[in-house]
Amino acid sequence: MKTIIEQIDLRQMDKETIKKAGDILKSGGLVAFPTETVYGLGADALNEDAAKKIYEAKGRPSDNPLIVHIADMEALDNITEIIPETASSVARKFWPGPLTMIFRKTGAVPLGTTGGLDTVAVRMPKHPAAKEIIRAGGGYIAAPSANTSGRPSPTTAQHVEEDLDGKIDMIVDGGPVEIGVESTILDMTVNPPMILRPGAVTKEMLEDLIGKISVDRTLIEPDSSKAPKAPGMKYRHYAPKAELTVLEGDLLQVIKEINRRAEEKAAEGFKVGIIGTIETVGRYSTGNVKCIGTRQDEMTVAGNLYGILRDFDSEGTDYIFSESFSTGGIGNAVMNRLLKAAGQHLIHV
């Protein structure tokens with residue numbers, strides 16, 4: 001298969017490119033497109049055969065549910081049995097945006113899209129190209145991250161091409177994404193609503209709006225027979241090829257320990273990478289040191305995380321050592337992704 005790559009100007013979107021993407025989606029094909037979080041790999045969510053192509057292209061386990069992307073609130077009526085009033089309040093505040101909600105599904109959504117579950121995860125992205133492509137493709141587009149399953153998610157069209165060139169029909173290149181980590185997932189089928197995956201819409205933001213929110217803190221083991229209710233819960237995700245270790249504790253002690261471990265691995269002949277911040281990169285003396293952003297604004301850390309992990313991959317890095325980050329606000333999402341990428345390999349210094 002030859003993958004078409006089309007650039008799109010978000011200030012004046014080419015209607016022909018949007019139509020071409022929509023036609024591919026309506027005919028059962030696969031189109032990667034930008035959202036404000038990461039690039040998504042789209043297929044017609046109501047076409048089970050099309051959804052299966054996503055799993056095949058990504059190498060994704062078939063019990064890992066897909067998120068259905070919509071562009072208009074009215075679209076919810078066809079795919080959800082009940083929309084709780086709390087969900088309506090959340091949607092009015094945070095849609096379109098980086099938030100996914102889980103509802104009981106109707107028969108319109110095939111089990112092949114939901115990973116066999118009777119629930120459906122739904123998101124309304126705010127990215128202008130995403131909204132137009134969703135509408136052109138029929139209004140219901142299943143779209144997990146557009147990468148090989150388990151690898152760092154794509155934040156540029158080039159990342160998508162690295163993983164999926166020749167496996168999908170089209171890539172719409174809208175430039176780098178804005179946020180850089182996947183959407184918050186909020187389960188609205190339980191009371192109180194439960195966060196299954198942290199993202200840019202934080203627990204604090206949601207509680208300010210609708211009151212108590214619970215957070216799922218469990219990790220489903222890889223050999224568990226239980227189906228994950230949301231993407232990213234069961235399998236190792238976002239992982240570089242190198243062995244990644246996250247170190248937490250007093251920052252000066254963390255820097256000292258990372259230097260010690262980096263020197264040890266370098267002396268053994270391994271290629272070492274270090275993830276630091278604007279505040280700390282000058283304190284590392286060994287290895288390939290990359291700046292992920294500033295602790296003064298952890299949105300910068302979120303935006304750079306996956307790109308840095310992919311850069312280490314392309315450079316043949318063997319071991320990566322990373323500082324940890326705060327778990328307030330977007331930092332919670334950063335640590336969630338970083339620890340999954342590390343296979344939960346966290347060391348307290």
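The values are calculated or read from the model by the stated rules, or taken from the named source; none is laboratory data. None of the values given here were measured: they were computed from a predicted structure. Virtual Cβ from ideal backbone geometry, glycine too; neighbours counted across all protein chains shown. Side chains are part of the model used for accessible areas, which takes the heavy atoms of the whole protein and leaves out ligands, DNA and RNA. Shrake-Rupley method; radii C 1.70, N 1.55, O 1.52, S 1.80 Å.
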Problem - Distance in nm between pseudo-label sites at LYS52 and VAL190 (7 Å out along the Cβ direction from Cα) - result: 3.2
Exercise for the section: Give the ranking of SER88, SER27, SER326 by solvent-accessible surface, highest area first, calculated with a 1.4 Å probe. Expected result: SER27, SER326, SER88
Handout entry: Probe 1.4 Å, all protein chains present, accessible-area order of THR184, THR106, largest first
Key = THR106, THR184
Problem - Exposure of GLU56 as accessible area (Å², to 10), given a probe of 1.4 Å and all protein chains - result: 140
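Summing Lys, Arg as +1 and Asp, Glu as -1, what charge do residues with Cβ under 12 Å from the Cβ of ALA91 carry, ALA91 excluded? Present the calculation step by step, with values, prior to reporting the outcome.
Numbers: positive: ARG92, LYS93, ARG123; negative: ASP72, GLU74, GLU85.
Neighbour charge sum, excluding ALA91 itself: 0.
Just want to confirm a number: the relative contact order over the chain, from Cα pairs under 8 angstrom separated by 6+ residues, in percent. Walk me through the numbers on the way to the answer.
Working: 812 pairs, mean separation 68.1, N = 349.
So the answer I get is 20 percent.
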Fill in the blank from the handout: Where a ≥ b ≥ c are root eigenvalues of the Cα gyration tensor, a/c under 1.5 meaning rounded, otherwise prolate if a/b exceeds b/c and oblate otherwise, the stretch 5-91 counts as oblate
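For MET170, MET13, give me the order by solvent-accessible area with a 1.4 Å probe, most accessible first, ignoring ligands, DNA and RNA.
MET13, MET170
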Problem - Set of lysines near LYS290 by C-alpha distance (under 30 Å), chain-local residues within fewer than 8 positions excluded - result: LYS58, LYS203, LYS234, LYS241, LYS256, LYS265, LYS271, LYS340
Practice task
With all protein chains present, calculate the accessible area of GLU6 using a 1.4 Å probe and round the result to the nearest 10 Å².
Solution key: 50
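Calculate, for the stretch 263-344, the solvent-accessible area per residue in square angstrom, rolling a 1.4 angstrom probe over the heavy atoms of the protein chains. Could you put the intermediate results ahead of the total?
Working: 3150 Å² over 82 residues.
So the stretch 263-344 comes to 38 Å² accessible per residue, rounded to a whole number.
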Fill in the blank from the handout: Using a 1.4 Å probe on heavy atoms of the protein chains only, the accessible area for TYR55 in Å², nearest 10, reads 20
Practice task
Taking a cut-off of 14 Å between Cα atoms, list the aspartates and glutamates near LYS126, but don't count ones fewer than 8 places away on the same chain.
Solution key: GLU36, ASP72, GLU178, GLU182
Handout entry: Size of electric dipole in the chain: Cβ of Lys, Arg +1 and of Asp, Glu -1, about Cα centre, debye, nearest 20
Key = 280
Handout entry: Per residue accessible area in Å² of the stretch 56-141, where ligands, DNA and RNA are left out and the probe is 1.4 Å
Key = 36
Exercise for the section: Rank PHE103, PHE270, PHE321 by mean-square fluctuation in a GNM of the chain with C-alpha springs under 10 angstrom and give only the top-ranked residue. Expected result: PHE270
Problem - Dipole of the chain, positive end: most advanced residue of PHE33, HIS345, GLY166 [Cβ charges, Cα centre] - result: HIS345
Handout entry: Efficiency of FRET from Cβ geometry, GLN296 and HIS348, R₀ 41 Å, rounded to 0.05
Key = 0.95
Problem - Sequence-distant aspartates and glutamates (8 or more away, or on other chains) whose Cα lies within less than 19 Å of LYS20 - result: GLU6, ASP9, ASP44, GLU132, GLU161, ASP165, ASP169, ASP173
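Ignoring everything except DSSP H segments at least 4 long, calculate the 222 nm mean residue ellipticity for the chain; use -39,500 (n - 2.57) per segment, divide by total residues, nearest 500.
Calculated mean residue ellipticity at 222 nm is -9500 deg cm²/dmol.
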Completion exercise
Computed for the stretch 105-202: size of charge dipole around the Cα centre, +1 on C-beta of each Lys and Arg, -1 on C-beta of each Asp and Glu, debye to nearest 20, value 380
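Can you give the local net charge around GLU268? Use residues other than it whose beta-carbon is closer than 14 angstrom to its beta-carbon, Lys and Arg +1, Asp and Glu -1.
Working: positive: ARG260, ARG261, LYS265, LYS271; negative: GLU243, GLU263, GLU264, ASP318.
Net charge around GLU268: 0.
Heavy atoms only, probe 1.4 Å: what % of the accessible area of the chain goes to carbon and sulfur, would you let me know? All intermediate terms of the calculation are to be shown ahead of the outcome.
Numbers: 6890 of 14270 Å².
Ligands and nucleic acids excluded, carbon and sulfur reach 48 percent.
Please find the FRET efficiency linking MET73 to ASN288, where r is the Cβ-Cβ separation and R0 is fixed at 41 Å, and quote it to the nearest 0.05.
0.30
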Fill in the blank from the handout: Taking Cα atoms, the helix 298-314 axis meets the longest principal axis of the chain at an angle in degrees (rounded to 10) of 80
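Can you give the extra length, in nm with one decimal, that the chain gains between LYS256 and MET205 once fully stretched, where that is 0.36 nm per residue apart less the Cα-Cα distance?
Details: separation 51, 0.36 × 51 = 18.36 nm, distance 3.58 nm.
The span from LYS256 to MET205 would gain 14.8 nm if fully extended.
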